[in-house]
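**Q** Supplied in structure tokens, the structure appears directly below.
Taken together, the values in this text are just the output of simple stated rules run on the coordinates, not laboratory data. In this text, all values refer to a predicted model and were calculated from it rather than measured experimentally. Cβ coordinates were reconstructed from backbone atoms using ideal geometry, including for glycine residues, and neighbour counts include every protein chain displayed.
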Amino acid sequence: MSTKKHNPDKMYYSIGEVARMFDVNTSLIRYWEQQFDIVRPKKNKKGNRLFTPRDVDHFHLIYHLVKERGYTLKGAREKLSKNLDDLQRDIEIRKTLEKTRAFLQELKKHL
């Protein structure tokens, strides 16, 4: 997964920060927000979107399905509506495996 990590201590992220995490345009973030009910950012008085860490986690799921696995938006919506918990667990397992792989590769360099 080519996405960057988010800071779990931060309460809200701007749309620009979220777009940079996934290396996509802000317009794609707005579009995904319209297409997927699980992402509902708060808006300040100026109308700026404020995404929570949970919203960012949902974007990770959407990004994984659409960009990495090649799902259509309709297919991704159906997958998220039916198996959200299973999908989140699978993503966490994948993140853990990627961290383990990176650690082992680094260890291999030092041997």
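**Q** Determine, for Tyr31, Tyr12, the number of other Cβ atoms within 10 Å of each Cβ, and report the residues in order from fewest to most.
**A** Going from least to most buried by this count: Tyr31, Tyr12.
**Q** Here's another thing I want to ask about it. Cut-off under 30 Å on the C-alpha distance; same-chain residues fewer than 8 positions from Lys10 excluded. Which lysines are left, in chain and number order?
**A** Qualifying lysines at Cα under 30 Å: Lys42, Lys43, Lys45, Lys46, Lys67, Lys79, Lys82, Lys95, Lys99.
**Q** Then there is this: Please give me, ordered by residue number, the trypsin sites (Lys or Arg not before Pro) of segment 55-106 that lie in loop per DSSP and have at most 16 other Cβ atoms within 10 Å.
**A** Sparse-neighbourhood loop trypsin sites (Lys or Arg not before Pro): Arg69.
**Q** Debye calculation, C-alpha points only, no solvent: report log10 I(q)/I(0) for segment 18-96 at q = 0.27 Å⁻¹, in the same order as the q values.
**A** -1.54
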